[in-house]
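Asks: There's a structure below that I have some questions on.
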Amino acid sequence: MLTSEDESYEAVRRLAAGVALDQALDVTDPESWIGLDFGVRELAWQRPELFHSNVLPTPGAPKHRPT
């Protein structure tokens, strides 16, 4: 279980570093998922430039088309 904001952020950091999901948090605990969601949302609010959807496209790069 993620018991604090710090643990939520740490789970986000571990996932971003490539750690497997089941090693980053207790996947059987619903509170861990809520903590992970909180951590990602908080990080997106604090540091939006880290998320690719907020990056300006490279000139000449092909546009992403949803399938």
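The values are calculated or read from the model by the stated rules, or taken from the named source; none is laboratory data. A quick note: this is a predicted structure, and the numbers were derived from the prediction, not measured. For accessibility, only protein heavy atoms count, side chains too; no ligands or nucleic acids. Shrake-Rupley method; radii C 1.70, N 1.55, O 1.52, S 1.80 Å.
Asks: Can you find even one residue in the range 46-56 that is at pLDDT below 70 and among the aromatic types (Phe, Trp, Tyr)?
Replies: Looking through the range 46-56, at least one residue is at pLDDT below 70 and among the aromatic types (Phe, Trp, Tyr).
Asks: Quick one: count up the residues across the range 10-47 that are open to solvent by 70 Å² or more (accessible area, probe 1.4 Å) and of a type in the set (Gly, Ala, Ser).
Replies: Of the residues in that region, 2 qualify.
Asks: Could you grab me the full set of residues in the range 17-39 that are modelled with pLDDT of 85 or more and under 10 Å from the mean Cα position of the chain (by Cα)?
Replies: Passing the criteria: LEU36, ASP37, PHE38.
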